[in-house]
1. Hey, can you tell me all the residues within region 223-240 that are in contact (Cβ under 8 Å) with a residue 40 or more places away in the chain and either among the aliphatic types (A, V, I, L, M) or surrounded by fewer than 19 Cβ atoms within 10 Å (Cβ to Cβ) (or both)?
2. For VAL49, indicate whether it is in contact (Cβ under 8 Å) with a residue 60 or more places away in the chain and either under 23 Å from CYS188 (Cα atoms) or in contact with a helix residue (DSSP H, G or I) (Cβ under 8 Å, 6 or more places away or on another chain) (or both).
3. Given (1) assigned to a helix (DSSP H, G or I); (2) crowded, with 18+ Cβ neighbours inside 10 Å, identify the lone condition not met by GLU212.
4. Quickly run through region 6-31 and pick out the residues that are among the hydroxyl-bearing types (Ser, Thr, Tyr) and open to solvent by 50 Å² or more (accessible area, probe 1.4 Å).
5. I want to confirm something. Restricting to region 98-136 and keeping residues that are aliphatic (A, V, I, L, M) and farther than 20 Å from GLU204 by Cβ, which single residue is nearest to the chain's Cα centre (by Cα)?
6. Does region 275-300 hold any residues that are touching a Ser or Thr at 6+ places or on another chain (Cβ under 9 Å) and either in contact (Cβ under 8 Å) with a residue 60 or more places away in the chain or of a type in the set (Phe, Trp, Tyr) (or both), and which are they?
7. State all residues of region 11-68 that are among the charged types (D, E, K, R) and modelled with pLDDT under 95; if no residue qualifies, say none.
8. Can you tell me which residue is farthest from GLY118 (Cα to Cα) among those in region 163-194 that are part of a loop (DSSP other than H, G, I, E, B) and in contact (Cβ under 8 Å) with a residue 60 or more places away in the chain?
Amino acid sequence: MDISAALFNCVRSGHVLLNEPMSKHTSFKTGGPADYFVCPENLDELKSVIDILKSNNINYVVFGKGSNMLVSDMGIDGAVIYMGSFSQIKSDGNIITAGCGAGLSSIALSAFENSLTGFEFASGIPGTLGGAVFMNAGAYGNEMKDVIKWVRAIDDDLNEVKLFNNELGFGYRKSLISEKKLIIVEGCIELEEGEKDEILARMEELNKSRREKQPLNFPSAGSTFKRPEGYFAGKLIEESGLKGKSIGGAKVSEKHAGFIINTGNATTNDILELIKYCQNKVFEKFSVELVPEVRIIGRGL
């Protein structure tokens, strides 16, 4: 089967790209080409795309904003399924239902507009709902597990399933979504009624703190490492004397040592080498293992 032709036939014109540079689709601004970059617009198209890929034994990875992804310089062997069209947001009482491709900042704005509190923590996280549920994203003492009521997904056999909070296996920066090979298409968020002024003030406070403490003016994937139990990754890296350490175009931020940034011309390999360097130095000094929070994918990785 001509896989390209089959994909072109099942999604709208212009929604299949060949050899698409992933540097255009990751917040790190690095990464080589994906063989296929497919943008389904609805559930039927998504199922058709997956069916074609599975029938031809082509690997695929699901992408939103790419804000927690580090893609090999050699690119991705197979397909990227981009879920940006699944971005609807609906509010009903204290419930917000949103597509997996909806940005967390957009959901937070909808919550504010409807006087709903509990999602302020996510207003500055530069990801989508699907990715946030996948990794149980969190900030400032809250996580997605605190607000998710249920998610709708498709399983590996293209069946639609609905999983409630207690079925999602939420833990620190993890869920059962990857283990069960599920693709989230929609999520339901349950919040509480609040005062608009207080909600806005909290969002502004958290975003001001983020701007002051994080290197938002450089490409990165947020916190590079998970928090080791009993420690803070940034503090360990700083106390290992690594603030400002550079390899190629990758650098440990001088503003926040928990962030590795792209100073402008970094490759994924530069970033990976700096990640490994930090891991080795921290382990030598503190006997603590740093585990990347960023998902590392692609050829050769």
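1. The initial filter retains those residues of region 223-240 that are in contact (Cβ under 8 Å) with a residue 40 or more places away in the chain, namely 223-228, 231, 233, 236-237, 239-240.
Within region 223-240, LYS226, ARG227, PRO228, TYR231, ALA233, LEU236, ILE237, GLU239 qualify.
2. Details: in contact (Cβ under 8 Å) with a residue 60 or more places away in the chain: no; either under 23 Å from CYS188 (Cα atoms) or in contact with a helix residue (DSSP H, G or I) (Cβ under 8 Å, 6 or more places away or on another chain) (or both): yes.
Answer is no for this residue.
3. Tallying (1) assigned to a helix (DSSP H, G or I); (2) crowded, with 18+ Cβ neighbours inside 10 Å, GLU212 fails exactly one: (2).
4. Restricting attention to region 6-31, the residues satisfying the condition of being among the hydroxyl-bearing types (Ser, Thr, Tyr) are 13, 23, 26-27, 30.
Matches in region 6-31: SER13 only.
5. Taking region 98-136 as the starting set, the residues that turn out to be aliphatic (A, V, I, L, M) are 98, 102, 104, 107-109, 111, 116, 122, 125, 129, 132-133, 135.
Then keep just the ones that are farther than 20 Å from GLU204 by Cβ; that gives 98, 102, 129, 132-133, 135.
Numbers: ALA98: 16, ALA102: 12, LEU129: 9, ALA132: 6, VAL133: 9, MET135: 8 Å.
Among residues in region 98-136 that are aliphatic (A, V, I, L, M) and farther than 20 Å from GLU204 by Cβ, the one nearest to the chain's Cα centre (by Cα) is ALA132.
6. Initially, region 275-300 is screened for residues touching a Ser or Thr at 6+ places or on another chain (Cβ under 9 Å), giving 275, 278, 281-282, 284-286, 290, 292-294, 296-300.
PHE286, LEU290, PRO292, GLU293, VAL294, ILE296, ILE297, GLY298, ARG299, GLY300 - these are the residues of region 275-300 that are touching a Ser or Thr at 6+ places or on another chain (Cβ under 9 Å) and either in contact (Cβ under 8 Å) with a residue 60 or more places away in the chain or of a type in the set (Phe, Trp, Tyr) (or both).
7. If we filter region 11-68 for residues that are among the charged types (D, E, K, R), which is where we start, we get 12, 20, 24, 29, 35, 41, 44-45, 47, 51, 54, 65.
The answer is ARG12, and nothing else.
8. Pass one, region 163-194, residues part of a loop (DSSP other than H, G, I, E, B): 168-170, 172-173, 175-182, 191, 194.
Restricting the remaining residues to those that are in contact (Cβ under 8 Å) with a residue 60 or more places away in the chain gives 173, 191, 194.
Working: ARG173: 19, LEU191: 6, GLY194: 9 Å.
Here the answer is ARG173.
The values are calculated or read from the model by the stated rules, or taken from the named source; none is laboratory data. Everything quoted here is computed from the prediction, not taken from an experiment. FYI the Cβ positions are ideal-geometry reconstructions off the backbone, even for glycines, and counts take in every protein chain you see. Remember, those area values only see protein heavy atoms, side chains included, never the ligands or the DNA or RNA. Shrake-Rupley method; radii C 1.70, N 1.55, O 1.52, S 1.80 Å.
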